[in-house]
Amino acid sequence: MFSPHVIPGRAPRPYPPTYRDMWDSDHVRMPCSSQNKYPVENLNGEKQIKSRWDLICKSLRRNILSSQDLERAILQYNNQYRGKCNFSGLHTFFETCFTDDERCYFFEETLPKMINMTLDLPNICTQSIPLLKKGKDHYLTMSQKQIGCLLLNAFFCTFPRRSYQSRNPKFRWNNEYASYPDINFYRLFYGVKNRISVRTEKLKCLFNYFRRVTTKEPSGTVTFHRQSLEELPKWEESKKGIRTAVIKSGGLIETDGHGMLQVDFANKFVGGGVLGEGCVQEEIRFLICPELIVSRLFVECLDPTEALLITGVEQYNKYSGYSHGFKWEGNFEDKTPRDAWGRIDTQIVAIDATHFRNSADQFKLASIERELNKAYCGFFEDATPTNLSAIASGNWGCGAFNGDPRLKFLIQLMAASHTGRDLLYFTFGDKHLKKELKEIYRFISEKNLFVGDIWRILVDFCDTVRRTNDKDPRLYNFLCSIFTNKIPIENADPEITDSDKCAIIKLIEAVGDDSNTDIEDNDPG
């Protein structure tokens, strides 16, 4: 996607030097492709097939001085969606979030810069983007400038065959890109007239990002790695010791997990509802780091033994709140150091948990194994397992997906330990859960258990749930019974080795918490 000679502070030169098109099922069908055709009605009412890119350029070059003008321009090259797409949210945004002077400045100064960068697509992205398909391990690195250009094209809804996915599954799966997330921004523009929704706050995040990338040329790069594994652990045979875990009720993954592999509680369609009404952990991360959104363009939905790792995304926005209380709180200047490729030293892994409509289903052995394998795929690194970064995670797949955080803690601890990583676990303000998880971790540490030992304990638990037909299984109570009765504490081996103590101290110092030391902390975290 760009020349390998990266000069610090300057955007990498695109590669190849001139545009090379690939209009096929292995690449993103680019808006600027000569194969991108569109029926246009002439003065006699007859339809002629013309270049859609020419129509896009003509429509966006017109004088656009209001959100209504912008809607008309977008529909010029998306005529089939007239009457189906609702732009009320976009109109409300401009009516309520801007003064008259700010609105004029946007349409006279900012929007033209956005359009110029959008239409410079064939000079910025000089080849079609390869699709990161299921069942293959792929890497894709592109410049931040290329990502900005692609996201601007998504804002103006220029990507062919990627718009207006039907909510009816019967029709969704007839689409060429049915197994990909949507990318054009139609759903973000939806709204009820004069009613503020979370989409308004999302638009604030995205317009701040667009202002930044069109004002000062971004100079870094970002790598997307679809990790697809064929060989999985035999969990009952794992002799890996349990690694260090630090459990905190205060703090956030993105702010306290610097230098760690940060978990995105993902949807299998990466980004989840970021372009709609959804606004929980994954969507918020995609909004404060909008470069993540471009993954929706080329990453097919994740299979059970796949994960998406992203290295180098920059944070552009501050925020507060969660879900419908989410608020944009202003611009953020990311001071994180960069590597030799110009990538921000931030790595995120997207792993999708199972949605358990019946919460008891998660305690079936097959469900536990699926979640374990998924976490393992995200945490695995094909390198010697020394000095691997710790995992920064939390209640993955809980909340709306009905996961039990105690089980998810054990699953992530097992997967992290098997891959040779420590774990920093956030309970997001739940102090009671923090105490329970610390107690579980203390039990495990005192017994010097292996990953395989915990697997066998979970097998016993699943058998108990099945035999008793328990509709509300309590894993914590079961673990307390197992550890206090079947494996007496007074017969335990020494708690940890000297090298383990050093590792614990190092991790605790890194996160500024002493919650797993012998002296109980009294701080609010």
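Where a number appears in this text, it was derived from the coordinates with a stated rule and is not lab data. All values reported here derive from a predicted model rather than from experimental measurement. So basically every Cβ, Gly included, is an ideal-geometry build from the backbone, and we count neighbours across all protein chains shown.
Stokes-Einstein at 4 °C, 1.567 mPa s, Kirkwood radius from Cα pairs: D for segment 306-389 in µm² s⁻¹? Before the final figure, lay out each step's value.
On the way: Rh = 16.2 Å.
D, rounded to a whole number, is 80 µm²/s.
Sorted by packing (mean other beta-carbon atoms within 10 Å per residue), highest first, where do 245-253, 180-188 land? If you can, show how the numbers build up before the last one.
Working: 245-253: 21.2, 180-188: 22.9.
Put in order of decreasing packing, that is 180-188, 245-253.
Return the whole-Å distance between the Cα centroid of segment 9-31 and the Cα centroid of segment 413-478.
Answer, in whole Å: 47.
Given Cβ point charges of +1 (Lys, Arg) and -1 (Asp, Glu) and nothing else, what value in debye, to the nearest 20, does the dipole of segment 218-333 about its Cα centre take?
So the dipole magnitude of segment 218-333 works out to roughly 300 debye.
State, in angstrom, two size descriptors of segment 321-364 derived from its alpha carbons: Rg to one decimal place and Dmax to the nearest whole number.
18.3, 48
Given all pairs of different Cα atoms, what value in angstroms does the Kirkwood hydrodynamic radius of the chain take?
Kirkwood radius, the chain: 24.8 Å.
For segment 1-157, what is the largest minus smallest coordinate of the Cα atoms on each principal axis, given in angstrom and ordered from greatest to least?
44, 43, 30
Identify all aspartates and glutamates with a Cα-Cα distance to Lys84 below 14 Å; exclude those on the same chain that are fewer than 8 residues away in sequence.
Glu71
With each pseudo-label sitting 7 Å past Cα toward Cβ, what's the Asp382-Lys134 distance in nm, one decimal?
Going by the 7 Å Cα→Cβ label model, 2.1 nm.
So for the chain, averaging the separation of alpha carbon pairs under 8 Å that are six or more residues apart and normalising by length, what relative contact order in percent results?
Normalised by residue count, the contact order of the chain is 16 percent.
When the dipole is taken about the Cα centre of segment 189-286, and only Lys, Arg (+1) and Asp, Glu (-1) are charged at their Cβ, what size is it in debye, to the nearest 20?
Its charge dipole is roughly 420 debye.
In Å and from the alpha-carbon atoms only, list the Rg and Dmax of segment 115-165.
12.3, 37
Could you sort out which of Lys134/Lys248; Lys268/Lys471; Lys216/Lys431; Lys47/Lys133 sit more than 32 Å apart by Cα distance in this structure?
Lys134/Lys248; Lys216/Lys431; Lys47/Lys133
Around Pro39, under 14 Å between beta carbons, what's the net of Lys plus Arg minus Asp minus Glu among the other residues?
In short, +2.
Please give the length that would be gained between Trp23 and Lys216 if that part of the chain were fully extended, namely 0.36 nm times their separation in residues minus their C-alpha to C-alpha distance (nm, one decimal).
Working: separation 193, 0.36 × 193 = 69.48 nm, distance 3.17 nm.
Full-extension gain reported as 66.3 nm.
What is the magnitude of the charge dipole of the chain about its Cα centre, with +1 placed on the Cβ of each Lys and Arg, -1 on the Cβ of each Asp and Glu, and no other charges, expressed in debye to the nearest 20?
Values: 69 positive and 69 negative charges, 458 e Å.
Using Cβ point charges on Lys, Arg, Asp and Glu, the chain gives about 2200 debye.
Against the globular-protein guess of 2.2 N^0.38 Å, express the Cα radius of gyration of segment 60-145 as a ratio, rounded to two decimals.
So the Cα radius of gyration is 1.44 times the expected 2.2 N^0.38 Å.
Just subtract the alpha-carbon distance of Thr464 and Gln35 from 0.36 nm times their residue separation and send over the number in nm, one decimal. List each step's numbers first, then the result.
Values: separation 429, 0.36 × 429 = 154.44 nm, distance 6.02 nm.
Full extension from Thr464 to Gln35 adds 148.4 nm.
Multiply the residue gap between Ile49 and Asp472 by 0.36 nm, knock off their C-alpha separation, and tell me the result in nm, one decimal place.
Here the segment from Ile49 to Asp472 would lengthen by 146.2 nm.
Any idea which of Phe207, His225, Phe269 is furthest toward the positive side of the dipole for segment 188-339, if Lys and Arg beta-carbons carry +1 and Asp and Glu beta-carbons -1?
Positive-most Cα among the choices belongs to Phe207.
Can you give the angle from 0 to 90° between the axis of helix 451-468 and the longest principal axis of the chain, with both taken from C-alpha atoms, to the nearest 10?
The two axes meet at around 90 degrees.
Answer with one residue from Leu302, Pro405, Gly325: the one whose Cα lies farthest towards the positive end of the charge dipole of segment 294-410, charges on Cβ with Lys, Arg +1 and Asp, Glu -1.
Gly325
Just to confirm a number: summing +1 for Lys and Arg and -1 for Asp and Glu over residues other than Cys377 whose beta-carbon lies under 14 angstrom from that of Cys377, what do you get?
In short, -4.
Wrap a convex hull around the Cα atoms of segment 16-96, take a quarter of its surface area, and give that in square nanometres.
Computing the convex hull of the Cα atoms and averaging its projections yields 8.0 nm².
Could you pull out every one of the aspartates and glutamates with an alpha carbon less than 17 Å from that of Lys318, ignoring same-chain neighbours closer than 8 positions?
Hits, sequence-local ones excluded: Glu201, Glu254, Asp256, Glu282, Glu283, Glu291, Glu329, Glu333, Asp334.
For the pair Ala400/Glu439, report the inter-label distance in nm, with labels modelled 7 Å from Cα in the Cβ direction.
3.2 nm
Using a Cα-Cα cut-off of under 16 Å, which lysines could be cross-linked to Lys239, ignoring same-chain neighbours fewer than 8 residues away?
Answer for Lys239, where 16 Å is the Cα cut-off: Lys447, listed by chain and number.
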